[in-house]
Each structure stands twice: as C-alpha cells, then as structure tokens.
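A quick write-up on the structure given underneath.
The values are calculated or read from the model by the stated rules, or taken from the named source; none is laboratory data. The model shown is predicted, which means the values in this text are computed figures rather than measured ones. Don't worry about glycine lacking a Cβ; one is built from the backbone with ideal geometry, like all the others, and counts go over all protein chains shown. Keep in mind that these areas ignore ligands, DNA and RNA; they rest on the heavy atoms of the full protein, side chains included. Shrake-Rupley method; radii C 1.70, N 1.55, O 1.52, S 1.80 Å.
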Amino acid sequence: MKVISQHIIKVFLSVLILATTGCSTKKKSWVNRQFHNTTAKYNGYFNGNESIKNGVKKLEESFVDDYTTILPIFKTGDLKKSKKIHSYMDKAIKKGSIVIQRHSMKIKGREYCRWIDDNYFMVGKSYFYKGEFKDAIKTFSFIKNEYKKNEIQFDASLWLIRALIETKDFMTAEVELYELTNDRNFPKKLEVDLATISADFYLQQANYQLALVQLVKIDKLIKRKNKKVRYNYIMAQLYQQNKNYKSAKNKYKKVLNSSPDYEMVFNAKMNLARSLESGSRDIQKMRQNLFKMTKDDKNKEYLDKIYFTLAEMDINSLDTLSAVDNYLLSTFKSIDNNTQKSLSFLALAEIDYNRSLYRDSKVNYDSTLFYMDENFRDYKDLKEKHEILQQLVYHLDVISLQDSLQNLAALPAAELSQAINKLIQAEVEKERDALESESSKQQMMYENNRNRGRGEQFGNNTSGGKWYFYNPATLSFGLSEFRKKWGKRKLEDDWRRKDKKIVNVFEIDSIVSDSVELITQNKKDPNYYLEKLPNTEEDLARSNEMIKESTYQAGIIYKSSLQEIKKSSELFMSLLSRFPYDKNYAALAYYNVYVNHFELGKNQEAEVMKNLLIHNFPNSVYAQLLTNPNFQDQLIALQKEDELSYEVVYQMYLSNEYLQVIEKCSLISNDDYQSKYLFLKALSFSALNDSLNCINTLNKIISIGEDTRIIEEAVYLLSAINNPGKMKKANEQALTESPYLFRSANTHMSLFILPKKGVDINYLKTLISDYHTNDFGNEVFEISAMLMGEDKHLLMIKTFDNSIDVIIYNQLIMENVEIVNQLNKSDYKLLAISFDNFKEFYTNKDIEGYYNFFKKNYLDNN
C-alpha cells in the first residue's frame, strides 16, 4: 500500500513539473511542445469544434426546404438573420482565441504548436456561421497566406469561397475557384468539397448548366447513396427545368430509393408525376396513385400539393378544364402553406390571362400577391403584370359605370325610381348575406379548430355548399377588396390599426359599427344614387370625358402591354362611333386603328383609316405624320434644337459657371429636357455647397418622375449627400462621363487580357513567377488568373502601391524576351488597373471602354 502511494506521488509530481516547465511558449523543447499541443487540441480545439458541430446540427434541423424552387446546396438559410446558434459559435471563437493567445509557439518565424492553424480555422468557421462574413474572409485569407505549406490552406480557400459567395462577391469567388481548380497540389480528399462549393457558386447565380456539371461530378465522387440524396434531388429539379424528363425521372427514382425524409419523398413523387411526358402509359397509373394518396391520413397536410400536381398533369395533357378544377381544390385544401396557395392562384391567373379573361385573371393575381411573400423569386414581375391588369380593369369599370349612370339618368322618373329601388333591395340582401356569412364564419372557425385537432382540413366539407367561403371566385374578390382598403395585413389582433397599443375594446367596436351603419344608411337612401347621376350638361360632359379617357387608355393597354390588337381596335372604334369629332381623342383613335391594321398586315383597312383621319383632321399631328414625309424629320430637327440649347447650358456647367447654370435652368418650364436641366441645377448647387437647394432640386426631379435614369441618379445623390467622398466621386463620374476614376495613389494591379484559345495560361504564370524570382528576389507578388466570359483569360499580378509602380513594372516585364515571345503568340493587352476600377471593368466585361480610359490616363500622362 505504501509503495502504491509513493508511485501516485511520483506521477503527480511528474505532471506538476510538466505543467510548470511546459508553459513557456518561447522554448521549443519536447516537453514544451507536448504540453502546448496536448492542451491546444483537447482543451480548446476539441471543445470549440464540438460546439460548432452542435450549432450546425441545430441550424440544419431548423432549416425548412422550399420545394417550390430549386433546393440550395447547403441547409443554412440566411446566416445574417439566424441568431439561434450564435452562442455555440461565440463559445468556439472564445476557445480558439484563448488557444491561439496562450499556446502559439512561433519561434523565429516557425510555428511549433501544430494545432494553432486548426484553431484559426475553427474561429473562421464560427464567424461564417454567425453571418459575420467580413471577419470570416479575413480569417480564411490569413490562414491561406500564413500556412501555405500546410494542407489547411486548401480548406481555408474553400471556406473563403463560401464566404465570398454569401456576400455575393462572385467575381473574387471565381478567381479563388479558378486557382483551386488549376492547383496541381489540391488534395483528392477535398474534391467533393470543391465540387459542392462550385455547384453552390453556380446555383446562386442561376447558372444551372454549370451547376449541373458540378453535381454530376459529386454524384461520381460520392459512393454511398444516402450521402448524395440531396444532390440527386437538385439534379432532378435541374433536369426537369430543362425539360430533360427522362433524366429527371431517373434521378427522382434514385431519391426515392435512398430513404430520405417524408417531405422529400412526397415532393419527389409530385415532381416525378409532373415529369411524365404527355401520352406516357404511366400517367394514368400515377394519377390513380395520387388520388389514392388523397385518402391517406398522413397526406392531409399535403392535399394542396397533390391537387396542384394533378392540375399540372392536366396541363401537360392539355385538359385545361380539369386543371382549373384541381387548382381550385388546391387552394381549398391549403391550410398554412401560403406559398403553395399563391402558386395555385398564380396558375389560375395565368390560365385566365392566356384565355384573355383579364378581369378574372386580375382577381386571381390579387389572391396570388396576397398570399405570396414579397421576397418570392417572381414577386416583382407578377406585381408588374398585376398592375397592368389593375389599370385595364379600372378603365373598363369606369366605362361601364359611366354608361350605366348615363342610362339611368335618361330614364323617366318612374322607371328611375324603380331601378334605384332594385339597387337598394340588392344592398339590403347583400347586408343580410353578410350577417349570415359572419354567423357561418364563426361556426366554421369553431369547426375548423376542432377539425385541426383531428388532422382535418379547411374546406373538406365543401361539397354541395353555396357559402361565400366555399366559392374561390368570391373569396378571391373579397381578398382583392380587403387589400384595396387595408393593404396586406397579418392575421392578428387589432389588424386594422397601425398603432397596436392596447385600447378600450368597447370604443373600437363602437367606432367601427357606427361607421359601417353610416355607410349602409347612405346606400339605402335614394339620394345616394341620385347624387351620382349626370343630370346637368356639365355632369354629362364630365362623364363623357371619363369615358373617352378610359376608352383610350384601355385601348393603349390592350395594344402595348397585352398585344391584343383586335380588342384595342374595337375600343378605339367604339370611341370614334360615340365621339367622331372630338378634338382630343378622335384623331388619336384614327391613328391607333391605322397602326393596328398596318401591324396586322391589313393594308386596305389601314388605308381607309388613313383617309378618314386626313379628311376629318387634316391639320392634326397624326395626319401630318402620314402625309408629310418630312414631318418626322422636322420633329427631329426641333428636337436637335432643344438638344443644342441643353448642350450650351451643359458646357457652362463644365466651365464651372454654376450661377449662370442655375439662372438658365430656372427659366426652363415643362419640356422634354426639364429633368436634365434640373439635374444640372442640382449639381451646380452642390458645387456651390448649397446643400439645401441641392436636396430640394433633387426631390423635385423625383416628384416629376419623367426620366427614369435621371431619377436613379437623383436618388443616388440624395443618399450620398451626407457622404462627401461619394458625392465627389459622383461629380467626377458625371464630369468625365466614365464609370472609371483615375486615382494614382490607390492600390493597383498589372493586368494581362489574353484569348482563351491557344494560350497556356499555367505556363505563362510559371514564366512570370521565374522572372520575379530572378529579378525581384526580395519582393512578393501574387499571380492569379481567371476567365472573363467564355473566350478571355485575365492574368493579374498584384499588389502595387500606386500607378507609377505598376507602369514601371509593366515596362520591365516587357523586356523579358521569353515572356514577350510567349505573349506574341496571341493577341493580348497589358494594362494597369486599380482595384476599384477592376470591379467595374469585370462586372461589365468592358475591355474596349477601359482600354481607352487606360491609354488616356496612364499612357498619355507618362
């Protein structure tokens, strides 16, 4: 027992001595290295890395895939918005930072603790998952440059690319990808990671063809099918999008054979059904399977998707009527999936749109936008289309309403009274239906809450019902009317109020009921309708003006926005039949019908309209356009005179005659150049440091809303008004009329532009590297290459402190015979370019534009 105690004491003393003597980071003895390596690995790195794993696991488990779009490669979502894993990453950053601080053994430029680079890497990943991409990029760049002899440089480069992709800096990411792809020392074990990140790079830029190339590479590299199920699904989606249904079908089947989660299984089955080609023998079998799925309780929450898929299959089979029924069922069966509901309404809207049922289409677009998230990929385009239909329906409604009011006004008193009584009776019935609907809605909400507990769905008991909420058309219309009045409101308490502070419920109910009662009383009062009738000549004239304007605007919308030439002509002809001698609209109508006939190749009808226009309105601008061949040239000449007048004021601005510019611009009234003059005026105020007048003038440009390009410039200048550097840059760009600015003191690079074909870029990089070793032994240059477009190589040598250094370097390198001989084999350009200008140059692929700027600012000045 005594011997054992003595042994324990000896071990304890040995550990104590190791701890006390091994703490120094300035000695590289075996004891010191063992102590710091052991502590760095097991105390800091292990615990920090486990924290990252737990955080990433939580992040991926909470991520919800949107199967209505192509799945992302990584299940991270928007890391800048995700705060739930910050504590995990903060712990890893703390652990890694302590290890680096306490255990780094950098002696004479060499690091003797082999876990320091791993801890840096762990810190970089933590910053990445926190969404702090700037710090992540700095950390990964440091590792890449500091540990060039370690394999971890490649891991750091891969994560650097991921961080660059997240910041949308695709240009720099492409440079890094190109470097890694062409690095002969790149380890094989990281090839899957490289292909995965490359696929993400192309997917995020919607370059689906190149993304597919990388995904195919991943498929070959990964052997276990359960490890590549997500990649197979994405490949299937891309094949399906490219209408390569055979390949899509094969990939979806691989997904189903890989035992993924049920959500992916379900969506794979839906997409597999949609990928069946029309006429395929499997369609009927698939349809039966889908109907069978609707009976399965575990698919209750997926009924909207199932019916949507059936509708898509109907569309492929050209059965539009059945498709409409299934799209409607999809909207009925949806509970909380607003994305799917919006897509179903969108499909209905597009069917109506393609059948020229624009009023119905507009109603379905109302519902589409109501349910669709504003960040949805197609939201902006759909909103624009909806706005066109909204304008069209508005003008058609104006025509219909004014026609009805005029017809009512023309009725004898007895018939008018009878007609108004019918309107009042309809209003009373509408009010009664609304009360019944409200009562039914309360009952439905009660039933719905009960059904949800049993897994049932809203709308399951709709067969044979005539209730408002069972009718998708009235439901969509109701949503439209609601949104007109209230906008897009969340389903929450006090949804009417912008200020959600707690208030007296009794007071709100009283105010709302009083206002509703007031409106209802008005609509039951005959005077409510009598006051709207055009009874006087002035009222009739005003009503006719509204009809003319709306008829003309609707005709233009049919023609320009919807390409409905026939309907456009019908409206213009209706205008002519009612108002054949109207000074403002008749000539316009004749001219538009003439153009419509001419575009359709109906030359004889076009000639008739031309003759009527010339006969009835010989002095109009439109008659002149058709009869006087020089009239258009005369208009252009007048425009040139305006251009010359503007040029005079512009030259005054360039000559710094700001007060004269302000005086001249103040005399300009409403003409085509008004926004341009005001912009010069604003710039002149800015040059005189009169910020207040500058801001007022810029706001006036925006309020006029004539020239979109100048409005964008005005908005930009307003945002930069508090940033003198940005303002100075904008002024310089306006003066030089160039997107590039010459800054001699800024950091520069030397840039070779070479054709891709016939140039061995790697050999050229080797020649330049050897040249640096021989002629610039003590200086460090970074040589990198990347593609620009499909046919150009960019070879960059950096970094130079200023323009003079890079010009001298360019002159020296062109004295190397071996490099010059290699360059002369192709048509190349050697330039100097600042880092700021390079971004603009690469984004626009502007070789000619920048080359002219380079000659003017770099060569002519040297």
message: Give me the residue from segment 793-809 that is over 9 Å from His748 (Cα atoms) and open to solvent by 60 Å² or more (accessible area, probe 1.4 Å) and, out of that set, nearest to the chain's Cα centre (by Cα).
response: Ile804
query: Does any residue in segment 649-665 that is farther than 17 Å from Asn689 by Cα come within less than 6 Å, Cβ to Cβ, of a residue that is of a type in the set (Gly, Ala, Ser) and surrounded by 15 or more Cβ atoms within 10 Å (Cβ to Cβ) six or more places away or on a different chain, and which pairs are these?
result: none
- prompt: If we keep just the residues of segment 764-781 that are surrounded by 11 or more Cβ atoms within 10 Å (Cβ to Cβ) and not in a helix (DSSP H, G or I), which is farthest from the chain's Cα centre (by Cα)?
  reply: Phe776
- request: Kindly list the number of the only condition in (1) farther than 12 Å from Ile70 by Cα; (2) among the hydroxyl-bearing types (Ser, Thr, Tyr); (3) touching a helix residue (DSSP H, G or I) at 6+ places or on another chain (Cβ under 7 Å) that fails for Tyr231.
  value: (1)
query: Which residues, taken from segment 560-599, are assigned to a loop (DSSP other than H, G, I, E, B), over 18 Å from Asn616 (Cβ atoms) and not aliphatic (A, V, I, L, M)?
result: Gln563, Glu564
- line: Taking segment 66-91 and the residues there that are open to solvent by less than 30 Å² (accessible area, probe 1.4 Å) and over 15 Å from Arg377 (Cβ atoms), the one that is modelled with the lowest pLDDT would be Ser82
query: Across segment 560-569, which residue is farthest from the chain's Cα centre (by Cα) among those that are open to solvent by less than 70 Å² (accessible area, probe 1.4 Å) and free of Cβ contacts under 8 Å to residues at least 60 places away in the same chain?
result: Ser569
message: Cβ-Cβ distance below 7 Å, separation of 6 or more or different chains: which pairs start in segment 197-218 with a residue that is over 17 Å from Val229 (Cβ atoms) and end on one that is surrounded by fewer than 14 Cβ atoms within 10 Å (Cβ to Cβ) and polar (S, T, N, Q)?
response: Tyr208/Gln241
query: Which pairs do you get when a residue that is aliphatic (A, V, I, L, M), found in segment 341-353, comes within reach of a residue that is buried (at least 21 other Cβ atoms within 10 Å of the Cβ), reach meaning Cβ atoms under 6 angstrom, with the pair 6+ apart or on two chains?
result: Leu346/Thr368; Ala347/Tyr327; Leu348/Tyr327; Leu348/Asn364; Ala349/Ser361; Ala349/Asn364; Ala349/Tyr365; Ala349/Thr368
message: Against the definition (within 18 Å of Asp403 (Cβ to Cβ) and surrounded by fewer than 19 Cβ atoms within 10 Å (Cβ to Cβ)), how does Phe572 come out, yes or no?
response: no
statement: Across (1) open to solvent by 60 Å² or more (accessible area, probe 1.4 Å); (2) under 24 Å from Asn182 (Cβ atoms); (3) not polar (S, T, N, Q), Ile761 clears everything bar (1)
- prompt: Considering only segment 527-559, how many residues are in a loop (DSSP other than H, G, I, E, B), open to solvent by 70 Å² or more (accessible area, probe 1.4 Å) and in contact (Cβ under 8 Å) with a residue 60 or more places away in the chain?
  reply: 2
message: Restricting to segment 810-837, name every residue that is over 21 Å from Ile768 (Cα atoms) and open to solvent by less than 40 Å² (accessible area, probe 1.4 Å).
response: Asn837
message: Conditions first: (1) touching a His at 6+ places or on another chain (Cβ under 8 Å); (2) of a type in the set (A, V, I, L, M, F, W, C); (3) within 23 Å of Ser738 (Cβ to Cβ). Leu859 passes all but one, so which condition is the exception?
response: (1)
Matching entry among His597, His615 (being open to solvent by 70 Å² or more (accessible area, probe 1.4 Å) and within 29 Å of Met546 (Cβ to Cβ)): His615
task: Those residues that are crowded, with 20+ Cβ neighbours inside 10 Å and modelled with pLDDT under 85, I need them from segment 294-303; list them, please.
output: Tyr302
- request: Report yes if some residue within segment 489-504 is assigned to a helix (DSSP H, G or I) and either closer than 30 Å to Asp403 by Cβ or modelled with pLDDT of 50 or more (or both); otherwise report no.
  value: no
query: Just a yes or no: is a residue in segment 215-232 surrounded by 18 or more Cβ atoms within 10 Å (Cβ to Cβ), of a type in the set (Val, Ile, Thr) and within 30 Å of Lys149 (Cα to Cα)?
result: yes
